[in-house]
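Encoded as structure tokens, the structure appears first; notes follow it.
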Amino acid sequence: MTPPLRRIATSTEIPRAVDVVVVGGGMAGISAAFSLARRGTSVVVVEKGIVSGEQSCRNWGWCRQQNRDPRELPLSRLALDIWRDINRQTGAETGFRQTGLVYASANAADIATWEKWGKIAKDFGVETKMLTGSEVETHLPGNSRRWVGGVHSPRDGRAEPELAVAALAQAAMEAGATIIQNCAVRTLETSAGRISGVVTERGPIACQAVLVAGGAWSGMLLRHHGIRFLQASVKSTSFYTEAAQAVTDGGIAMQDVTMRRRLDGGYTVGLSGQGQLQITPWGILQAKAFWKTFQIRRKGLTYALGRQFLDGPESLTRWRADRISPFERIRTLDPSPDPHLVARGLRKLQEIYPALQGIKVAQSWGGMVDSTPDAIPVISSVRARPGLFIASGFSGHGFGIGPGAGQLVADLIRGDRPSVDPTPFRYERMIDGTDLGKPGML
């Protein structure tokens with residue numbers, strides 16, 4: 001069931017030509033369009049469903065630097081700088097509040113990992129503080145657990161997924177961007193090996209550059225054009241509660257459950273590391289590339305043969321530009337939440353915070369979290385296809401770092417000086433034999 005989402009009115013007119021076509025109206029694509037339009041680049045976002053209808057409205061709403069992979073830290077710092085000013089820039093309420101985040105654990109191995117991370121993070125200028133067990137109690141009053149320790153990031157924050165992308169989209173249109181909803185890009189067009197346009201279900205659009213920011217669908221569109229993109233998805237389950245007593249104003253990550261205070265007085269709740277891996281043809285073909293990732297994360301996974309086997313983003317479906325595409329058959333990926341995970345999360349929440357006894361679930365939902373083998377996104381040009389750019393594979397980090405990713409990929413498209421070093425996010429690492437290693441921190 002789709003979470004609450006602010007709907008926006010967009011254009012129905014397909015432009016004949018623009019500088020840039022963005023495929024996908026999630027956080028990354030909309031942020032890129034906002035950044036491009038503000039710099040005078042003509043841009044159209046083409047979204048097969050509705051803006052922010054998939055994972056961009058199905059995440060926890062965390063805006064953090066804490067426990068990011070070191071390769072992502074410069075980008076997450078850039079994103080957080082944008083988040084702090086985002087309400088002013090958009091002239092709208094995105095829900096962003098710099099409330100800080102707390103991680104707590106009863107596992108000594110977690111504490112050792114966080115201490116090691118903290119030493120690296122301080123070299124990047126990230127403010128983070130290790131907490132003793134008694135300090136965790138001070139930061140989490142009313143929490144019934146006894147924690148070995150934790151970590152606090154006071155400069156991190158939270159925002160509302162149902163508001164933020166819509167606010168950015170509205171601001172992008174005011175800056176000159178065009179956004180088209182319920183219109184799929186079927187194929188990319190090239191001329192002399194270079195991107196020259198796209199074919200949508202409503203007709204062609206000529207352009208000089210295309211940004212593929214289609215979330216879990218990016219790999220399917222790229223594979224259709226012979227561009228290998230390593231991307232696997234896991235179905236997640238989250239829910240939010242009715243308004244309840246304030247036990248935190250920010251976000252808390254614990255071993256069993258995560259929680260974030262919402263503007264409406266409820267809590268968005270997630271089950272960290274828990275999800276369902278659906279068996280798919282493309283998943284089987286790329287199993288070797290994801291084997292290290294699977295070994296690390298398999299304890300939290302269940303397995304199923306889902307709809308994706310036949311017609312989802314990891315199927316092997318083929319299509320033509322003049323025929324209905326898979327993107328039109330599934331306008332919005334809206335998987336059902338797993339009831340046992342919702343029940344577990346609610347139970348854990350009430351066990352840890354007795355003051356929340358009797359709290360009720362307002363709504364639950366499923367989402368498809370797409371990942372790369374190293375859990376680092378691709379934010380890059382594709383050298384073999386001039387004019388083609390990718391911003392995808394965010395591995396569950398896309399909402400928080402999305403504003404920074406949008407600015408970075410806009411830099412690359414325009415040929416401007418990159419806001420941060422783009423090297424860690426290069427596409428070619430997937431195809432040039434680079435050892436992707438194990439996935440970084442979530």
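Points worth noting:
- Within segment 332-363, tally of residues that are out of contact with any Gly (no Cβ under 9 Å at 6 or more places or on another chain) and polar (S, T, N, Q): 2
- Qualifying residue in segment 90-97 (condition: among the hydroxyl-bearing types (S, T, Y), open to solvent by less than 20 Å² (accessible area, probe 1.4 Å) and more than 15 Å from the chain's Cα centre (by Cα)): yes
- The residues of segment 182-194 that are under 22 Å from S11 (Cβ atoms) and in contact (Cβ under 8 Å) with a residue 40 or more places away in the chain, listed by number, are N182, C183, A184, V185, R186, T187, L188.
- Residue check: Y353 meets all listed conditions (1) in contact with a helix residue (DSSP H, G or I) (Cβ under 8 Å, 6 or more places away or on another chain); (2) under 23 Å from L271 (Cα atoms); (3) touching a residue at least 40 places away in the same chain (Cβ under 8 Å) but one, namely (1).
- Here segment 302-336 is the region considered, the condition is being in a loop (DSSP other than H, G, I, E, B) and β-branched (V, I, T), and the residue that is nearest to G226 (Cα to Cα) is T317.
- Counted residues, segment 48-66 - those being in contact with a strand residue (DSSP E or B) (Cβ under 7 Å, 6 or more places away or on another chain) and farther than 20 Å from G275 by Cα: 5
- Scanning segment 319-332 for residues that are open to solvent by 20 Å² or more (accessible area, probe 1.4 Å) and not polar (S, T, N, Q) yields W319, R320, A321, D322, R323, I324, E328, R329, R331.
- Condition met for V148 (open to solvent by 60 Å² or more (accessible area, probe 1.4 Å), farther than 17 Å from L75 by Cβ and of a type in the set (V, I, T)): yes
- Members of segment 198-256 that are touching an Asp or Glu at 6+ places or on another chain (Cβ under 8 Å) and at positive phi: G215
- Of all residue pairs spaced 6 or more apart or on separate chains, those with beta-carbon atoms under 7 Å, a first member in segment 19-43 that is closer than 12 Å to I179 by Cα and a second member that is polar (S, T, N, Q) and open to solvent by less than 10 Å² (accessible area, probe 1.4 Å) are G25/S52; G26/S52.
- Taking the criterion of being open to solvent by less than 10 Å² (accessible area, probe 1.4 Å) and either in a loop (DSSP other than H, G, I, E, B) or among the β-branched types (V, I, T) (or both), the residues of segment 337-384 that qualify are I352, Y353, T372, P373, D374, A375, I376, P377, V378, I379, V382.
- For K288: the one exception among (1) closer than 22 Å to D374 by Cβ; (2) open to solvent by 70 Å² or more (accessible area, probe 1.4 Å); (3) modelled with pLDDT under 85: (3)
- The residue pairs whose first member lies in segment 66-92 and is over 25 Å from P424 (Cα atoms) and modelled with pLDDT of 95 or more, whose second member is open to solvent by 10 Å² or more (accessible area, probe 1.4 Å) and acidic (D, E), and whose beta carbons are closer than 7 Å, counting only pairs six or more residues apart or on different chains, are N87/E93.
- Scanning segment 44-62 for residues that are assigned to a loop (DSSP other than H, G, I, E, B) and polar (S, T, N, Q) yields a total of 2.
- Test: residue in segment 14-24 that is out of contact with any strand residue (DSSP E or B) (no Cβ under 8 Å at 6 or more places or on another chain) and either closer than 25 Å to C207 by Cβ or open to solvent by less than 10 Å² (accessible area, probe 1.4 Å) (or both): no
- Selection of segment 306-318 for residues being at pLDDT 80 or above and either open to solvent by 90 Å² or more (accessible area, probe 1.4 Å) or among the basic types (K, R) (or both) yields L316, R318.
- Looking across segment 47-76, the residues that are hydrophobic (A, V, I, L, M, F, W, C), farther than 24 Å from R261 by Cβ and surrounded by fewer than 24 Cβ atoms within 10 Å (Cβ to Cβ) come down to I50, L73.
- Taking the criterion of being open to solvent by 50 Å² or more (accessible area, probe 1.4 Å), assigned to a helix (DSSP H, G or I) and touching a residue at least 40 places away in the same chain (Cβ under 8 Å), the residues of segment 385-442 that qualify are Q407, R414.
- Being without any contact (Cβ under 8 Å) to a residue 40 or more places away in the chain, closer than 30 Å to E201 by Cα, surrounded by 13 or more Cβ atoms within 10 Å (Cβ to Cβ) and not charged (D, E, K, R) is a condition met by no residue of segment 291-305.
The values are calculated or read from the model by the stated rules, or taken from the named source; none is laboratory data. What you see is a predicted model; the values in this text were computed from it and never measured. Please note: Cβ atoms are built from the backbone with ideal geometry, for glycine as well, and neighbour counts cover all protein chains shown. For accessibility, only protein heavy atoms count, side chains too; no ligands or nucleic acids. Shrake-Rupley method; radii C 1.70, N 1.55, O 1.52, S 1.80 Å.
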